[in-house]
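These notes are about the structure you will find just below.
Just so it is clear, none of the values below were taken in a lab; they were calculated from the coordinates. As the structure is a prediction and not an experimental result, all values here were calculated from the model. Neighbour counts are summed over all protein chains in view; Cβ atoms, including those assigned to glycine, are modelled from backbone coordinates with ideal geometry.
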Amino acid sequence: MEATGDSDAIAVERTLAGDRDAFRVLVERHSPNVFRLAYRMTGNQYDAEEVVQEAFLRAYQKLSQFAARANFGTWVYRIAANYAIDRMRQRKSEDANREPAPRANDDGIEVDAMSFVPDSAPNPERLAQSEQLAEHMRRALRQLTPAERTAFVMRHWGGSGIEEIAEALKSSSSAAKNTIFRSVQKLRRALEPFVEPRGQARSVGTES
Amino acid sequence: MNHPNEEDLIAYHGGDPAKREVIASHVADCLECRAELTRINAVLAALSSLPVPDPGADYGARVWQKIAPRLPERPPRRWWQLASSSDLAAGWRAWLEPRRVMAWAAVATIAIAAFIGGRYSKPTVTSNETVTADASKIRERVLVMAVGEHLGRSEMMLIELGNAEPENSKQKEVNISTERRRAEDLVQENRLYRQTALEQGDTALAGVLDELERVLLDVAHSPGEVTPAQLDEMQQRIAARGILFKVRVVGKELQQRERTAAPATMQSGSGTGERNKI
């Protein structure tokens, strides 16, 4: 991790010194991670890929501001989160203007064509159940506001700290905490009927 | 304790350790809250299972192909160009600040001492040893003095930041822009001293300066005005690193080194330097 940080710092210095190919190292190293964040935030591959590209373009343009920062990965992650919020807001307003009929499968459940991932579960019934649950989860995530979704993704999938989230949301720490709480609360309300806690109440500290 | 509310339980995993401990001990004895926490965890666990498509091993290369044609050319920096400011005049003013000039002067003195040491290292074995030892002493003393002063300024800034607080309970933001500006300056100096210490083989000093740099960067990158909660978090982060204590210890060590190095500077070949003692 330290070695990656050092090598990132060298790549940044070389880029700033005019060696454009040095930036390639940073792009290739951090793209998959930024993609995971962007996909979880936007919910589709097309937008996620756009967020990734835009994040690195912005990072390149602002690189001189980064010069003294400690971690390039965290920095570009935050740029991506910032842009993804704008992208989601734009999408929401486009969707509101267009009032699209959601694509639906035979059961009337909305389908996100880009998010099918092969499931290795052998049982067709289980497969259907897990796919249904996945659809419920995608729908619940779509119901969150861009800020709530960003806060949730950064906190629970990205492991980001409150300050980092507050910076991405351009809000105070306490507002960011509140946004995280609201997002989880909404997801609970939407998903609890479909999610069964495993076994009885477990003791604290055993959760993953 | 009373039953934790939903917000406490949701924040349980990432919350502050003290609060987490209190909730954990309550939940261990309270079936109702344990069940509630289990339901929250079940939803979070289900969401964690939501897959993300694998973009492929060559994804980074594909991103590069897409963005490379859109990247503007960046002209190589020249010595007069600044790393982080497009405002040349402001930059010069910044670099000509007395403190920074002092830092550069210290490093320049070290370089000159090194040059002299090398220049006169040929004639005889005896004079070689003598002059090199003198140059080494000068280098070390200059570094010790300059870093000692730098640590003193850093300590003062950190103490002031540690003592900052809202004037009353209604104040929503605390202005720390002065500390932030000082941290920005100190970061530049610190980097210079850290690199010099490394070049001098003083890895212990370089290590402490590296830790200090991280804290200074944290302050330098904070907003000029922070909420009391943000300030509290920042103060806790600084306290958790124990940097103030380390800075004080190193400062004392440097004073000691300065005292012992001073009389020896005019003597020749008296010792092998005191690097890595901190």
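What spacing in nm lies between the two simple spin-label points modelled at B:S177 and B:D210, each 7 Å away from Cα in the Cβ direction?
So the two model labels end up 3.5 nm from each other.
Within segment B:222-241, what residues put their amide N at less than 18 Å from the label point 7 Å along the Cα-to-Cβ vector of B:A18?
Only B:228-241 pass the distance filter.
Exceeding 30 Å between C-alpha atoms, which entries from my cross-link table qualify? They are A:K62/B:K19; A:K92/A:K170; A:K92/B:K172; A:K170/B:K170.
A:K62/B:K19; A:K92/B:K172
Modelled label-to-label distance, B:E167 and B:Q65, 7 Å Cα→beta-carbon offset: nm?
6.1
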